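Q: Provided herewith is a single structure, encoded as structure tokens, for subsequent inquiry.
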Amino acid sequence: MDRIWTFSTLVIFGAAAVLAAASSSGRGESAGTSPMIGATIKGKVVFQGKAPKDRKISVEGDKYCSSCNPEGISTERYVIGPNRELCHVFVYVKKGLEGRTFDPPKEAVLLDQKHCVYTPHVFGIMTGQELRIRNSDDTLHNIHATPKLNAEFNFGQPKKGTEEIRTFSFPEIMVPIKCDVHGWMSCYAGVVSHPFFQVTNASGTFELTELPAGEYEIEAWHEKFGTLSQTVKVGDGQTRELEFTFKKK
Amino acid sequence: MDDRSPSPLSLAFPLALVILAAAVVGTFFLLDWRLDVASEHGRGVDQMIFFLLVCTGPLFVAGHLAVAWFVWKSRWRDTPAYLPPSPRAEWLATLIPVLLIGAVAEGGVLAIGMPVWGQVYREEPDTLPVEIVGKQFEWIARYPGRDGKFGRTEPTLIDDVENPLGLDEDDPAATDDIVVRGALYLPSGRAASIRIRSLDVLHSFAVPVMRTKQDAVPGLVTRTQMRPTTPGKYEITCAELCGMGHYRMRGYVNVLTPEEFEAWRARQVGWFE
Amino acid sequence: MEGPSGGLVRMSGTHAAGGFWTRYVFSRDHKVIGIQYILTAMAMGLVGGALAAWIRVQLAWPGSAGISPEQYPSLVTMHGTLMIFFVVSLALVSGLGNIIIPLQVGARDMAYPFLNMLSFWTVLPACPLMLASFFVPGGAAAAGWTAYPPLSALKGAIPGSGWGQSLWLLAMALFIASFTMGGLNFVATIFNLRARGLTMMRLPLACWTYLVSSILGLLSFPALTAAAIMLLLDRHAGTSFFVPSGVVIAGQVQAHQGGTPLLFQHLFWFLGHPEVYVLVLPALGIAFDVIAAFSRRPPHGYRITVWSLIVVAVLGMVVWGHHMFTSGMNPYLGKYFSVVTLLITLPFAAIGVNLVASLWRARLRWTPAMLWALGLISAVGTGGLGGVYLGNATADLHFHDSYFVVGHFHFMIGMVTLFGTFAGIFYWFPKLTGRLMNERLGRLHFWLTSLPMFALFFLMHLQGLRGMMRRYYEFSQDYVAPVLWLQPVLTVLAFVVFASQALFLINFFRSPFRGESAGPNPWNATTLEWTTPSPAPHGNWPDETPSAWRGPYEYSRNGNESDFELQSAPAAPGVLPSKR
Amino acid sequence: MGFMESIDLSPGEESRIRADANQTLVAILMAMAAMLFAAFTASYAIRRTSADWIPVPFPSLLWLNTALLIASSGTLELARDRPVHARRWLRATLALGLAFAAGQILAWTELAAAGAFSPGNPHRAFFLLLTAVHGAHLVGAFLACGAALGRSRSERLGPCAAWWHFVGALWVYVVIVLRFF
């Protein structure tokens, strides 16, 4: 009897040790764990030319949405600042990280549906990272993703407070997500296999930090203006600045 | 097997039938099944339905009472004597109720139904041209604008946010088209000629209070006509299964007085203006 | 169908009883196959009924059933498909038809026993295939039992349109193949294997209805076959028979071009409408047989009924468009379909009136089978009158796809067919098992099923009048609010109906062992199946097969000693059964 | 074995009833096939009005195939007329039928090589569909005639011949539809 106990204890400890080793080695080069400071690429995205305006969408066919948006809904497509800073641009490392693997962060990306609008309108997510989809509205929304590489999903959230988790398996720029019930509701997910991405905010700036030294192709993507890319070389501890200028196609 | 004493069922069953018939008739008086009607042809549809209710109701009751009566009578009958009716009597016994039902059915549709049906599909002069387009899961209305012409649409131009119908900006007829999401504005008293389209799957443009129902078929333009009578706000629903959001594919018909309607129309701007 | 013939021994009797496997599993005996069908239908009925109950929970208390809006159409689709094709078709048409036809025509078996076995073993795999679709990615088919494209043709249109729809089509293909084989057997058996002396006008009405229904089914199913093949090609081979140009699903323009969705609807309803008669007519035939036996008099107007059946079948094939009044087809076609559809009321009412008139001067015996038959009269009358509303194109502007339609077709292909099936099972049970089913349990089952069902489906008509649309996950429309309080009531009624089927199951599975022993003719009925011992042996008659010397319903003839005369009893000289 | 041994039917009668039942079966099957092709024809008629309808070049090989199939009907009639040589003529019929099938496959590969079966054009789709469904009916004819070859009794030969001729007529119909409409 004793021998069985000893044996099973050994097996359990052994397994735990192997698991611990595996998980620590799996963490690899993910940001934050290595002592190195790394490189930083930051910059700004601007728009040049006559800026199109977001249409106010009247939603009078929908009782709920019109009650929380009596003036109509703005779609957040062309959010352009006073100095032509362009918001909702997805900036990420397109090339230069081949062969490296990164673990997805534990915390999920939250996609909220509130007042018949998706928040955020554009977001980045790592392959394998959880996407938590929440309905904060007291009406039906459905979440219909139409990716090319990843698995399509399409489900409804009829009640306020419901949440669902989805993940993406392959990098894909970009995955359009729509609500079929409310045609104006759309958002985009940039799925990448590394943590070096950012979506510009109202100030149009982005900052990719703790990059390993190397040469990278950085791409900026906007849902209507298309993509721009630049190649940049950074060394350890260095910071490089970039500027992307979109024009109306 | 020969049960000489009458079964309690020979009492209970006819009684159940009588109660059933009474209950069915009763529900029509107890339940609030009447729906308002706000269109001209809708009144005709209601007349048709009312005619059928009035005619088939007694037939329903008569049938149930006949069964109850025969069953009730059989209670005292225990001699195995059955006198077959003469073929003539047999024919008559069948033919008379049959002709009655046939007259109700065919007479109703020919005398009352078809004129109303014609009213819905007739091409009248001086109608208000409107378009209603179904897509998963939304109704989008379009008015031809000042030029009275519907502009060209292209599926490839469809962008749910900026151009839900795929209007072609290069077509001059399209620039002044008025597009309204989820609501149809109509003047009362004037017939609206409604062209119905679908961008994806089958839908059905249904306005229950108007008694209007016409499928939206992709690849096809269907038509219906209605003359609203009473100003008000009436719900549009979808009557053809179109996917998960079918049950809440909603919209409104806003019936305005002619003056209000003109004022409303004057406020609208074309899609590309 | 003239010409002398004999007892038809070898014709169908080229198979022996055999051992366990050939006797009970891969049996070619029509009675065993009939029971296999009925058992299969019962299993599928439990699933279909559970789906209905589940749907009703959602409708009564939205959100509490754990059904999401994209699953709801799947449940509705599967409930409809299972009930129509895998419950009613299998139990009433394939199941009872198999049991009744050879026995009533005095044949040893079906004309093609092997084909008969093959027919069952074709449909059996379709059942797990259909059910499996719940567990594939995207869930079961969700385009309705009508499977209208483009919803059923485009994967992105609804999640169930992926794998689920493919499995649905596959299972339906197997079903159609099976139903075709069964129908061919029915027709060949009734036409060619009738006993000596059994002229067509001496055929019991149950056989007549099976004959008419089989021919109708055989001629209309090819349209669905064609539609299903083309839909399959549209889904998987990139053709566009039914998907038009420029369809945009979730912002993406589909590659299909030029197809016509209305074409599918025409093809579908070319089958779909006759299918209703395929299911309803046999139930009426069974009711005529049962009512004759338990009211101790021949049915009223045998010939009128037979001709009415034929007219119903012929007209039934040219009225499919009344399902499409609002579909966008030419309004003139709407007029035509409306007028011709309402012509069906004439023969159909004749059948109904004859059912009622068959009770005139009756001497009733209150068996459960009789209760079901009487209940059927009420159901077919009410449902039939509802049809007068729906065949009317103008009224249909209001009723199309509303709960009025749901109530109506549940009366016809829910209640009428189910009542007929129960009547048939109670009536012929002793012939199969040698024992009677429990009458007390049977009566209880009747009351607990029929009354709630009537209330349930009748009240749906009123909801339809108010404008409630079918296939809705939830009702938030203002105009239906006054009839929404009915929803929980209807759900409770549905649960009573579903739960009371347990009484039937207990009765059905207990009676073969515990039931009262039945003689060869427990009901003192007249048709040929009651001339053989109960249970009927393999090959149906232990020695020679019977001949028919007289009509099928010789009850209470004046001056006779007993109140019935078997069809096989030799008649007075001069009435020789020289013709078939 | 039970009831198999009890004889209350003369062999002649039995065989006649069997033949009658087979005739019933084939008659219904023909009606069903007619309905099936009617459904396809209706679809064809509706679909051909659309803009993307481009007629596929009709392979001339199909004319030869048609001739083969018509000839096979002739040989089948010879088989029915001459019971002594029935088997020989039946074999000839089957051979002609097989030649037809081979010709069909050849015509298909010819069309496929010309890129005719890429999806899109509805006429191509109908071409494939109608010939394929006709082919399925032909398989039935082969099975029936094969069965008749095994036991070339009139109870089988009659219904088999009916089906064979029907499939031939069906082919002529398909050719007319595909070539001229």
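Read-outs throughout are calculated quantities, based only on the coordinates presented, and are distinct from any laboratory measurement. Note that the structure is predicted; figures quoted are calculated from it, not measured. Every residue, glycine as well, gets a Cβ built from its backbone with ideal geometry; the counts of neighbours run over all protein chains shown.
Q: Output ³J(HN,Hα) for region B:260-273: one whole-Hz value per residue in order, computed from phi by the Karplus curve 6.51 cos²θ - 1.76 cosθ + 1.60 with θ = phi - 60°, and x for Gly and Pro.
A: Here the 3J(HN,Hα) series is 4, 5, 4, 5, 4, 5, 5, 6, 7, 10, x, 5, 10, 10 Hz.
Q: Using the alpha-carbon atoms, what tilt in degrees (0 to 90, nearest 10) does helix C:205-236 show relative to the longest principal axis of chain C?
A: Roughly 30 degrees between the two axes.
Q: Another one. Using DSSP to call loops (not H, G, I, E or B), can you name the trypsin sites (Lys or Arg not before Pro) in region A:110-172 whose Cβ has at most 16 other Cβ atoms within 10 angstrom? If you can, show how the numbers build up before the last one.
A: Values: sites: A:Lys114, A:Arg132, A:Arg134, A:Lys148, A:Lys159, A:Lys160, A:Arg166; in loops: A:Lys148, A:Lys159, A:Lys160.
For trypsin sites (Lys or Arg not before Pro) across region A:110-172 that sit outside H, G, I, E and B with at most 16 neighbouring Cβ atoms in 10 Å, the list reads A:Lys148, A:Lys159, A:Lys160.
Q: May I ask for the longest run of chain A untouched by GluC sites (Glu not before Pro) that are loop-located per DSSP and have at most 11 neighbouring C-beta atoms (other than their own) within 10 Å?
A: A:108-249
Q: Further, regarding this structure: Which of the cysteines in the protein assembly as shown are isolated, no other cysteine C-beta under 4.7 Å?
A: A:Cys68, A:Cys87, A:Cys179, A:Cys187, B:Cys55, B:Cys238, B:Cys242, C:Cys127, C:Cys207, D:Cys145, D:Cys160
Q: Across region A:150-159, in residue order, what do the Karplus-derived ³J(HN,Hα) couplings come to in whole Hz, using 6.51 cos²θ - 1.76 cosθ + 1.60 with θ = phi - 60° and x for Gly and Pro?
A: Karplus-based 3J(HN,Hα) across region A:150-159 equals 6, 6, 5, 10, 7, 9, x, 10, x, 10 Hz.
Q: Do any trypsin sites (Lys or Arg not before Pro) in region B:112-201 lie in a DSSP loop with no more than 16 other beta carbon atoms within 10 Å, and if so, which?
A: B:Arg122, B:Arg146, B:Lys149, B:Arg152, B:Arg190
Q: Using modelled backbone amide H atoms (1.01 Å from N, in-plane), which distant-in-sequence or interchain residues come within less than 5 Å of A:Leu242's amide H?
A: A:Lys42, A:Gly43, A:Lys44
Q: Of the residues D:Val56, D:Val84, D:Val26, which exhibits the maximal mean-square fluctuation in a Gaussian network model of chain D defined by a 10 Å Cα contact cut-off?
A: Per the Cα network of chain D with a 10 Å cutoff, D:Val84 tops the list.
Q: Assuming a ≥ b ≥ c are the square roots of the Cα gyration tensor eigenvalues, decide whether chain A counts as rounded (a/c under 1.5), prolate (otherwise, with a/b larger than b/c) or oblate.
A: Oblate is the answer for chain A, as a/c is 1.5 or above yet b/c matches or exceeds a/b.
Q: Kindly express, to the nearest 10 degrees and within the range 0 to 90, the angle between helix C:261-295's C-alpha long axis and the longest C-alpha principal axis of chain C.
A: Taking the Cα atoms of chain C, the angle to C:261-295 is about 30 degrees.
Q: Let me ask another. How would region B:9-121 be classified by its alpha-carbon gyration tensor: rounded, prolate or oblate, with rounded meaning a/c under 1.5 and the a/b versus b/c comparison settling the rest?
A: Because a/c hits 1.5 or more and a/b fails to exceed b/c, region B:9-121 counts as oblate.
Q: While we're on this one: What list of ³J(HN,Hα) values in whole Hz, one per residue of region C:183-196 in order, does the Karplus curve 6.51 cos²θ - 1.76 cosθ + 1.60 (θ = phi - 60°) give from phi, with Gly and Pro shown as x?
A: These are the phi-based 3J(HN,Hα) values: x, 4, 4, 4, 5, 4, 5, 5, 6, 10, 10, 5, 5, 4 Hz.
Q: Only counting other Cβ atoms within 10 Å, I'd like C:Val353, C:Val57 sorted with the fewest neighbours first.
A: Values: C:Val353 26, C:Val57 17.
Least to most surrounded, the residues fall as C:Val57, C:Val353.
Q: Ignoring everything except DSSP H segments at least 4 long, calculate the 222 nm mean residue ellipticity for the protein assembly as shown; use -39,500 (n - 2.57) per segment, divide by total residues, nearest 500.
A: Result for the protein assembly as shown, helices only: -16000 deg cm²/dmol.
Q: Same structure again: Please find the FRET efficiency linking B:Glu124 to B:Ala173, where r is the Cβ-Cβ separation and R0 is fixed at 22 Å, and quote it to the nearest 0.05.
A: Plugging the Cβ-Cβ distance into 1/(1 + (r/R0)^6) gives 0.45.
Q: A:Leu110's amide H: which non-local residues (gap 5+, or another chain) put their own amide H closer than 5 Å, with H modeled 1.01 Å from N in plane and none for Pro or chain starts?
A: Placed amide hydrogens put A:Arg132 under 5 Å from A:Leu110.
Q: Mind pulling the angle between the C-alpha long axis of helix A:2-27 and the longest principal axis of chain A? Nearest 10 degrees, somewhere in 0 to 90.
A: 40 degrees
Q: Skipping prolines and chain starts, which residues have an amide H placed within reach, meaning under 5 Å, of the one on B:Gly182, given they are 5 or more residues away or on another chain?
A: Amide H neighbours of B:Gly182, under 5 Å, 5+ apart: B:Trp139, B:Ile140, B:Ala141.
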